[in-house]
1. Pull out the extension gain between residue 186 and residue 20, defined as 0.36 nm times the separation in residues minus the alpha carbon to alpha carbon distance; nm, one decimal.
2. Could you give log10 I(q)/I(0) at q = 0.18 Å⁻¹ for region 1-120, computed by the Debye formula over C-alpha point scatterers of equal weight, without solvent?
3. Nearest 500 deg cm²/dmol is fine: what mean residue ellipticity at 222 nm does the chain get from its DSSP H runs of n ≥ 4 alone, each adding -39,500 (n - 2.57), divided by its residue count?
4. For a quick check, take a GNM of the chain with Cα springs below 10 Å and name the residue from 88, 128, 62 with the largest mean-square fluctuation.
5. Top mean-square fluctuation among 87, 167, 184, Gaussian network model of the chain, C-alpha springs under 10 Å?
6. Looking at 127, 56, 80, which one has the Cα that reaches farthest to the positive end of the dipole of region 28-147 (charges on Cβ: Lys, Arg +1; Asp, Glu -1)?
7. To the nearest 20 debye, what is the magnitude of the charge dipole of the chain about its Cα centre, counting +1 on the Cβ of each Lys and Arg and -1 on the Cβ of each Asp and Glu?
8. Tell me, how many Å apart are the Cα centres for region 29-56 and for region 82-124?
Amino acid sequence: MTNLGALKDLLKERNENPERLAEIDKKIWDAFGKTCAVWVLDMSGFSRLTMKYGITHFLAMILRLQEIVLPIIVAEGGRVVKTEADNIFATFNDVSSAVTTSRRVQTELANANKFLPQDWDLYVCIGIGYGEILMVGDDDFYGAEVNYASKLGEDIAESGEIYLTENAYVHLNAVVDSEPKEINISGLTIKSHLLI
């Protein structure tokens, strides 16, 4: 996979040669472009638990979460792109695998929570997108569906919820119960689907 330095070089070339935008954009998409499902998980309860127990308690919970979730992503055919604080970012070849992973994660966390004290319980929100992205190296990606999935998983979904972007829903090769939602994000109204 091509690295961040190569992307920066192409972006610099683009900035310096506005008359060649189409040509340079094609080079960028040829080198980094990929069509896939984007999966963004956000852990619930950070502020409340950190205020009550301190940051080390929440960091220990993040570690427990990763120990449960990361193997599920891999087992379901996904690829972990990165973890940042209490977020996990992954890609899947198709939306069905991303949805299956989401449901499996929610089930496994519910099972783990049966044996934990209440303030140790793990709850997550998940956003799923699908479309063209720029995959940079092994640990970062960019694109509209990355942004939408992040917003859905981090800002819109509540504990235990799974949201799909409209594009992800259209590319889901399965029948699922869902509730269509129109959501305002950064001044834009986007269509999404809350899985039921």
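1. Between residue 186 and residue 20, full extension yields an extra 56.7 nm.
2. The computed values of log10 I(q)/I(0) come out as -0.94.
3. Numbers: 7 runs with 86 residues, N = 196.
One gets -13500 deg cm²/dmol as the mean residue ellipticity at 222 nm.
4. 62
5. Judging by the Gaussian network model, the answer is 184.
6. Going by the Cα projections, it comes out as 56.
7. Working: 18 positive and 29 negative charges, 49 e Å.
Here the size comes out at about 240 debye.
8. What the calculation gives is 11 Å, centre to centre.
Taken together, the values in this text are just the output of simple stated rules run on the coordinates, not laboratory data. These figures come from a predicted structure and were not determined experimentally. Cβ atoms come from the backbone with ideal geometry, glycine included; neighbour counts cover every protein chain shown.
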